Amino acid sequence: MIESKHEKYKKLHFDIETAWYLFVKRLFDIIVSALALLCLCPIYLVIALVDHLSKFNRGPVLYGQVRMGLHGQKFKMYKFRSMVVNADEELRADKKLYAEYVRNNFKLPPNEDPRITKLGRFLRRSSIDEIPQFINIFKGDMSLVGPRPVVEDELKEYDRKKLLSVKPGAMGLWQASGRSKVGYPRRAEIEMHYIDEACLTVDLKIILANFVDIFKENGAY
């Protein structure tokens, strides 16, 4: 079927609108992440000092877990380490614990997770552990707003092609909708809805909603 002039115009308009949205979004990501990394330096120093002085929490300050990025490109998503060193290896070595992890939407409740340190519980509850993701945002692995980056095993819960067609984000509609209180398959439905509705207005609403949830410690663990 030959494409009509009207259809071609609509397609061109959509492409220009999408390109403009992605340009503004990337510019916003760079500016916000650069300012955040600069202004939040004292937090890095305090956590590094606490890690160094602690008898039970010594180890790398940052923890990088492999997540799925745009077009299936894998990257290390950074967090302040909230678990013991080699936590991933310990999880996979314990078949019963790993089965519970998968059954519980690829998470373990803090009171049932022996890998989380005392400092880590505070970092997670306050969402301070997420701050190093500004490094990922500045690098371009992630955006400030987008579907939460998942581990490869979680892709089976999603429309894989659709999820990987956009850049993952530090803040998303799932987090603004209850975060860890919302499991699969509802979580996947929420993330897919964001991809369909993504625009600057929606992104700003999600940022505001996430800040409210962070302040209330809603769904953080």
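Mind counting the residues in the stretch 199-220 that are surrounded by 21 or more Cβ atoms within 10 Å (Cβ to Cβ) and within 22 Å of residue 158 (Cα to Cα)? Working first, answer last.
So in the stretch 199-220, the residues surrounded by 21 or more Cβ atoms within 10 Å (Cβ to Cβ) come out as 203, 206, 210.
Checking the rest, the ones that are also within 22 Å of residue 158 (Cα to Cα) come to 203, 206.
Number satisfying all stated conditions: 2.
Please go through the stretch 142-170 and pick out each residue that is open to solvent by 40 Å² or more (accessible area, probe 1.4 Å) and of a type in the set (D, E, K, R).
152, 153, 156, 157, 159, 160, 161, 162, 167
Condition check ((1) open to solvent by 50 Å² or more (accessible area, probe 1.4 Å); (2) free of Cβ contacts under 8 Å to residues at least 60 places away in the same chain) across all residues:
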| position | (1), (2) |
| --- | --- |
| 16 | yes, yes |
| 23 | yes, yes |
| 26 | yes, no |
| 37 | no, no |
| 40 | no, no |
| 52 | yes, yes |
| 75 | no, no |
| 79 | no, yes |
| 89 | yes, yes |
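Against the condition at pLDDT below 95 and over 15 Å from residue 87 (Cβ atoms), how does residue 136 come out, does it pass? Explain how you work it out, then say what you get.
On the way: at pLDDT below 95: no; over 15 Å from residue 87 (Cβ atoms): yes.
Taking the combined requirement at face value, the residue does not satisfy it.
Where the second residue is open to solvent by 30 Å² or more (accessible area, probe 1.4 Å) and part of a helix (DSSP H, G or I) and the first is farther than 22 Å from residue 161 by Cα and of a type in the set (S, T, N, Q) and lies in the stretch 175-203, which pairs have Cβ atoms under 9 Å and are six or more apart or on separate chains?
177/186; 177/209
Just checking, how many residues over the stretch 54-72 are exposed (fewer than 11 other Cβ atoms within 10 Å of the Cβ) and either at pLDDT 90 or above or touching a His at 6+ places or on another chain (Cβ under 6 Å) (or both)?
So the count comes out to 1.
In the stretch 26-51, what count of residues is obtained for those that are at pLDDT 95 or above and touching a Gly at 6+ places or on another chain (Cβ under 9 Å)?
So the count comes out to 3.
How about the stretch 92-118: which of its residues are in contact with a strand residue (DSSP E or B) (Cβ under 9 Å, 6 or more places away or on another chain) and either of a type in the set (Val, Ile, Thr) or modelled with pLDDT of 85 or more (or both)?
115, 116, 117
The values are calculated or read from the model by the stated rules, or taken from the named source; none is laboratory data. The structure presented is a predicted model; accordingly, all values stated were derived computationally and were not measured. With ideal geometry, Cβ positions are generated from the backbone for all residues, glycine too; neighbour counts draw on all protein chains shown. Accessible surface is based on the protein model in full, side chains and every heavy atom, while ligands, DNA and RNA are left aside. Shrake-Rupley method; radii C 1.70, N 1.55, O 1.52, S 1.80 Å.
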